[in-house]
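The structure appears below as structure tokens.
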Amino acid sequence: MTGDDLKAMLLATAAAMDASKDQLCALDGEIGDADHGIAMSRGFGAIRTALDDLTGETPTGVFNAAARAFLNEVGASSGPLYATAFMRAAAILKGKETVGANEARDIVVSMADGIAKRGKAERGDKTMLDAWGPASEAIQRTTPQSVLEVFKTSAEAAKIGAEETVNMLAKKGRAARLGVRSLGHRDPGAVSAALILDAMAAHLEENS
Ligand code: ADP
Ligand code: MG
């Protein structure tokens, strides 16, 4: 996967975030302030704009542009979290012209690490880390043979992780203020994380 292939994958993810906007806002409406879909679709929209006239860029350059665009566009808490995640991915790919299975695994792991460090959330706090964390762990348990396999495995683990947030008590972010009333709802950030990885896997599958 070249920088341009990576760009195409991020553009496909942006389309998925547009399509999921209402669902994510509705989920955030249950335990937050109903803006998560807007934040994600605007953030990825800004990535789309930033990447539109960027061709022949390295994978690091693509992720750095994505990080800047997301940070500038999104004022909600997901803004700095994803900006950090993309910055970490950019850093781990430094000096690489292409992304293979190992680099793809490094992307997922470094994005999860970036979100964990920036948000200071623990697993089980009912945040997006409850999707990114399982994705990162799942991919570290395997020896992936392809980029597609990395994103497929990650997406499956993230989806299960996001579903499991239903039974978690929110300890971080806006939903934490609800206490026990946060129980019985999926965390919007965990659901969007699973959708991001799923969109990436679907894009790779369509283009393989
Ligand atoms: P805001 O809460 O500022 O409105 P969003 O609605 O865009 O921001 O995002 C909410 C999501 O952000 C939550 O569902 C949760 O997954 C995630 N989140 C909030 N705080 C943290 C944190 N400290 N660490 C990781 N994720 C967090
Ligand atoms: Mg919100």
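The values are calculated or read from the model by the stated rules, or taken from the named source; none is laboratory data. As the structure is a computational prediction, the values presented were derived from the model and not from experiment. All Cβ positions, glycine included, derive from the backbone under ideal geometry; neighbour counts span all protein chains shown.
Conditions tested, residue by residue: (1) more than 19 Å from Ile196 (Cα to Cα); (2) in contact (Cβ under 8 Å) with a residue 40 or more places away in the chain; (3) assigned to a helix (DSSP H, G or I).
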| residue | (1), (2), (3) |
| --- | --- |
| Ile38 | no, no, yes |
| Val62 | no, yes, yes |
| Tyr82 | no, no, yes |
| Met87 | no, no, yes |
| Ala91 | yes, no, yes |
Which listed residue, of Pro144, Pro134, is of a type outside the set (A, V, I, L, M), crowded, with 18+ Cβ neighbours inside 10 Å and modelled with pLDDT under 95: Pro144
Which number in (1) within 16 Å of ligand 2 (Cβ to nearest atom); (2) modelled with pLDDT under 95; (3) not polar (S, T, N, Q) marks the one condition that Asp53 misses? (1)
Please verify whether Thr142 is within 16 Å of ligand 2 (Cβ to nearest atom) and more than 26 Å from Thr58 (Cβ to Cβ), treating the condition exactly as stated. no
Do we have any residue at all in segment 33-46 that's away from ligand 1 (no atom under 16 Å from the Cβ), over 17 Å from the mean Cα position of the chain (by Cα) and on the phi < 0 side of the Ramachandran plot? no
All-but-one check, Ile139 against (1) touching a His at 6+ places or on another chain (Cβ under 7 Å); (2) more than 23 Å from Lys21 (Cα to Cα); (3) among the β-branched types (Val, Ile, Thr), failing number (1)
Does Lys159 satisfy the condition of being buried (at least 24 other Cβ atoms within 10 Å of the Cβ), of a type in the set (D, E, K, R) and farther than 18 Å from Ala89 by Cβ? no
Among the residues of segment 1-32 satisfying the criterion of being under 28 Å from Glu149 (Cβ atoms) and outside any helix (DSSP H, G or I), which is farthest from ligand 1 (Cβ to nearest atom)? Thr2
For residues that are touching a Pro at 6+ places or on another chain (Cβ under 6 Å) and among the basic types (Lys, Arg), tally how many sit in segment 97-117. 1
Out of the residues in segment 165-199 that are among the hydroxyl-bearing types (Ser, Thr, Tyr) and touching a residue at least 40 places away in the same chain (Cβ under 8 Å), state the one that is nearest to ligand 1 (Cβ to nearest atom). Ser192
Only one of Ala170, Ala199, Ala175 that is within 14 Å of ligand 2 (Cβ to nearest atom), crowded, with 21+ Cβ neighbours inside 10 Å and not in a loop (DSSP other than H, G, I, E, B): Ala175
Determine whether Gly37 is surrounded by fewer than 22 Cβ atoms within 10 Å (Cβ to Cβ), modelled with pLDDT of 95 or more and among the small types (Gly, Ala, Ser). no
With respect to Ala69, determine if the residue is in a helix (DSSP H, G or I), crowded, with 19+ Cβ neighbours inside 10 Å and within 15 Å of the chain's Cα centre (by Cα). yes
